[in-house]
Amino acid sequence: MTFIDSLLFGALISATDPVTILAIFSDLHVDVNLYALVFGESVLNDAVAIVLTSAIESYGGTSGGFETSAFFLAIVNFLWIFSMSFIIGSVMGCLTAILTKFTRLKDFPLLEAALFVLMSYSTFLMAEAADLTGKQIYRLFFFGFVSALLS
């Protein structure tokens with residue numbers, strides 16, 4: 001097993017899936033805030049694992065050993081994807097919140113829901129344009145968080 005294989009295994013196994021805990025929480029009818037926190041943490045763990053795995057695969061050396069330049073390029077790739085996802089998701093979330101807050105869309109619930117879906121989809125399209133495909137979890141998380149926070 002090479003060093004790159006070990007890093008890939010660590011990145012994949014680091015995303016623990018708390019489906020069992022969420023199922024127990026549902027059965028016990030725990031506070032919805034606690035459920036939302038555990039679910040959000042699970043989503044972010046999965047997102048980190050996806051981005052980290054793709055960064056390690058992209059910059060894994062051909063020799064299978066540790067390469068300093070590949071290590072730093074993987075870190076830069078991870079930070080680039082995270083920051084661009086944050087920017088795209090936050091900007092689109094702010095635009096959606098402004099559109100829904102300062103217009104009379106609340107009087108037309110179907111139009112409001114359609115606009116929300118279209119704005120969510122536009123984050124995907126912007127990510128396609130920025131060549132950040134496959135890492136949609138961050139953008140949608142930040143989009144939902146910002147639009148819910150500002151609405």
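The values are calculated or read from the model by the stated rules, or taken from the named source; none is laboratory data. As the structure is a computational prediction, the values presented were derived from the model and not from experiment. Positions of Cβ are generated from backbone atoms using ideal geometry, with glycine treated the same way; all protein chains shown enter the neighbour counts.
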Considering each residue of the range 1-50, count those that are of a type in the set (Ser, Thr, Tyr) and either closer than 19 Å to Ile75 by Cβ or touching a helix residue (DSSP H, G or I) at 6+ places or on another chain (Cβ under 7 Å) (or both), and give that number. 4
Here the residues within the range 112-134 that are in a loop (DSSP other than H, G, I, E, B) and either surrounded by 17 or more Cβ atoms within 10 Å (Cβ to Cβ) or on the phi > 0 side of the Ramachandran plot (or both) are Asp131, Leu132, Gly134
For the list (1) touching a helix residue (DSSP H, G or I) at 6+ places or on another chain (Cβ under 8 Å); (2) modelled with pLDDT of 80 or more, I need the number of the one condition that Ala114 fails. (1)
Only one of (1) free of Cβ contacts under 8 Å to residues at least 40 places away in the same chain; (2) surrounded by 15 or more Cβ atoms within 10 Å (Cβ to Cβ) fails for Ser147. Which number is that? (1)
Of the listed residues (Leu8, Leu12, Leu22, Leu44), the one being in contact with an Asp or Glu (Cβ under 8 Å, 6 or more places away or on another chain) and either in a helix (DSSP H, G or I) or of a type in the set (D, E, K, R) (or both) is Leu8
Take Val43 and decide whether it is at pLDDT 80 or above and among the aliphatic types (A, V, I, L, M). no
Take the residues in the range 71-90 that are surrounded by 18 or more Cβ atoms within 10 Å (Cβ to Cβ) and of a type in the set (A, V, I, L, M), then tell me which one is nearest to Ser58 (Cα to Cα). Ala74
Tally the residues that are surrounded by 12 or more Cβ atoms within 10 Å (Cβ to Cβ), modelled with pLDDT of 85 or more and of a type outside the set (A, V, I, L, M, F, W, C), restricting the search to the range 97-111. 1
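Out of the residues in the range 58-70 that are in a helix (DSSP H, G or I) and loosely packed, with under 14 Cβ neighbours inside 10 Å, state the one that is modelled with the lowest pLDDT. Before you say what the answer is, go through the steps one by one.
Pass one, the range 58-70, residues in a helix (DSSP H, G or I): 58-59, 68-70.
Okay, now just the ones that are also loosely packed, with under 14 Cβ neighbours inside 10 Å, so 58, 68-69.
Values: Ser58: 71, Thr68: 76, Ser69: 77.
Applying the filter and picking the extreme gives Ser58.
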Considering only the range 14-55, how many residues are out of contact with any Ser or Thr (no Cβ under 9 Å at 6 or more places or on another chain), exposed (fewer than 15 other Cβ atoms within 10 Å of the Cβ) and over 24 Å from Phe143 (Cβ atoms)? 10
